[in-house]
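First the structure, in the form of structure tokens, and then the observations on it.
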Amino acid sequence: MRALGIDIGTTSICMVLYDKDKNTLLLNRSVPNEFSGNGNFQQDADGIVDKVKGLLKEVGENTFDAVGISGQMHGIVYVDEKGKSVSPFYTWKEESGRQKYNFSEPQ
């Protein structure tokens, strides 16, 4: 059995392909996952998807029987009705989610 593992972390995105029957690591790749800058802890949601797709291309002709995916804790990205991101990925380190929201009375 071959298993593909994908870890979308705050500082890197890693992928491994493991053959359980042969007890062999067939693929082990990692790419950096940077913050957008400006002193915040936001990341480019579409850029993360592109990096994962790039790593998946490296799997190439290798087939696998199972996939495990782990991601960052307490993060959020807003998407439209088609699933396209409309915001950066707000990581667990981003403090803007703590800002007070001012509710206004309906007119």
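The values are calculated or read from the model by the stated rules, or taken from the named source; none is laboratory data. Please read all numbers here as calculations on a predicted model, not as lab measurements. With ideal geometry, Cβ positions are generated from the backbone for all residues, glycine too; neighbour counts draw on all protein chains shown. Areas reflect the complete protein model, heavy atoms only, side chains present, ligands, DNA and RNA absent. Shrake-Rupley method; radii C 1.70, N 1.55, O 1.52, S 1.80 Å.
Accessible area per residue was computed with a 1.4 Å probe on protein heavy atoms; Tyr18 scores about 80 Å². Taking the chain as the reference, fit the longest principal axis to its C-alpha atoms, fit the long axis of helix 45-59 to the helix C-alpha atoms, and give the angle between the two in degrees, 0 to 90, nearest 10. The helix 45-59 is inclined about 0 degrees to the chain.
With all protein chains in place and ligands, DNA and RNA left out, the 1.4 Å accessible area ranks Thr11, Thr91 as Thr11, Thr91, largest first. Selection among Ala3, Cys14, Gln72 by position relative to the dipole of the range 1-95 gives Ala3 as farthest towards the positive end (Cβ unit charges, Cα centre).
Whenever you get a sec, compute what percent of the accessible area on the chain sits on carbon and sulfur atoms (1.4 Å probe). The nonpolar share, carbon plus sulfur, comes to 52 percent. The shape of the range 32-84 comes out prolate: with a ≥ b ≥ c from the C-alpha gyration tensor, a/c is at least 1.5 and a/b beats b/c. Using a probe of 1.4 Å, the accessible surface attributed to Asp65 totals some 110 Å² when neighbouring protein chains are kept in position.
Which whole-number percentage describes the relative contact order of the chain, with Cα contacts under 8 Å and a sequence gap of 6 or more? Provide the component values of the computation, followed by the final result.
On the way: 168 pairs, mean separation 28.9, N = 107.
Once normalised by length, the contact order is 27 percent.
Would you mind working out the accessible area per residue for the chain, using a 1.4 Å probe, and quoting it in Å²? Provide the component values of the computation, followed by the final result.
Values: 7880 Å² over 107 residues.
About 74 Å² of surface per residue is accessible.
Starting from the eigenvalues of the Cα gyration tensor, five times each then square-rooted, give me the equivalent ellipsoid semi-axes of the chain, largest first, whole Å. Intermediate results must be reported in sequence, preceding the final value.
Values: eigenvalues 243, 42, 30 Å².
Semi-axes (√(5λ), whole Å): 35, 14, 12.
Note on Val79: accessible area is roughly 80 Å² with a 1.4 Å probe, heavy atoms of protein only.
Overall shape: prolate for the range 1-64, with the ratio a/c of the largest to smallest alpha carbon gyration tensor axis at 1.5 or above and a/b above b/c.
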